[in-house]
Amino acid sequence: MAGRVRGAAARRRRAARLKAVAAGGGLVLVLLAVFWSVVWPYITGAVILGGVGAAGWWLWRTDRLVRGRDRLWRQEDAVKAGHRTLAEVDAMTGTEFEELVAALCRRDGCRDVRRVGGANDNGADVVGRLPDGRSVVIQCKRYAPSSTIASRELRDLLGAKVHFGADLAVFVTTTRFSRPSEKFALQHGILAVHRDHLGLWNNGASLLSLSEVNGQGQGDPRHRARWKRAYGN
């Protein structure tokens, strides 16, 4: 019995609140109708401001989400690149290798990097600007480790340097340079990135830091003998 009484009282209170809300809403509508000519500019402005604010918030939130996803993607890509082995690089196509070199340049802060390799590439595969502003032209050769880069290929790169008006020429390969080609690179200011240097670059060393060891790292006769045993003649 007491429960039914309390339930009836609660229903009456809810009904009273609904009537009060309805009465208040009706009063607001009446006032708006009476004073519409006075208040409509303010109401319109409030609606427009509210819409602009909502749109601005939505754009800001979308930008944050996109930037966050881009940051995450770049971090994941950097981690993957840091764990990429030279064996995986050996399995790439020539185009994929050029894209890898371009990506490493961008990682190092190079600007305007683009892949230009292909038919009629004028001896260049990647061009761009170094962090210090100098222009760079890069030739990429994904050869089997048993191969050797001959001097004529570096001469082609010199022609590309002239054609593109570049400040620096870089030759990147998955193998080694012959002694004459290594000497040619040093004589003409070409940065010669052989397989061991490529491993350093891939694992985090900057491209410009490799200039400090240019012409080095291919070892003495015993090192070359071990290389031949590992990769063949």
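The values are calculated or read from the model by the stated rules, or taken from the named source; none is laboratory data. This structure is a prediction, so every number in the text was calculated from the model and none was measured. When we count neighbours, we look across all protein chains shown, and the Cβ atoms used for this are built from the backbone with ideal geometry, even at glycine. Calculation scope for accessible area: heavy atoms of the full protein, side chains included, ligands and nucleic acids excluded. Shrake-Rupley method; radii C 1.70, N 1.55, O 1.52, S 1.80 Å.
Structure data summary
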item	result
Qualifying position, being open to solvent by less than 10 Å² (accessible area, probe 1.4 Å), in contact with a Gly (Cβ under 9 Å, 6 or more places away or on another chain), touching a residue at least 60 places away in the same chain (Cβ under 8 Å) and among the hydrophobic types (A, V, I, L, M, F, W, C), among 198, 130	130
Residue 187 vs. criteria at pLDDT 90 or above, out of contact with any Leu (no Cβ under 7 Å at 6 or more places or on another chain), at negative phi and open to solvent by 40 Å² or more (accessible area, probe 1.4 Å)	yes
Test: residue in segment 99-120 that is modelled with pLDDT under 75, under 22 Å from residue 165 (Cα atoms) and loosely packed, with under 10 Cβ neighbours inside 10 Å	yes
Residue that is modelled with the highest pLDDT [pool: residues in segment 65-98 that are among the hydroxyl-bearing types (Ser, Thr, Tyr) and assigned to a loop (DSSP other than H, G, I, E, B)]	93
Number of the condition not met by residue 166 [criteria: (1) buried (at least 20 other Cβ atoms within 10 Å of the Cβ); (2) in a strand (DSSP E or B)]	(2)
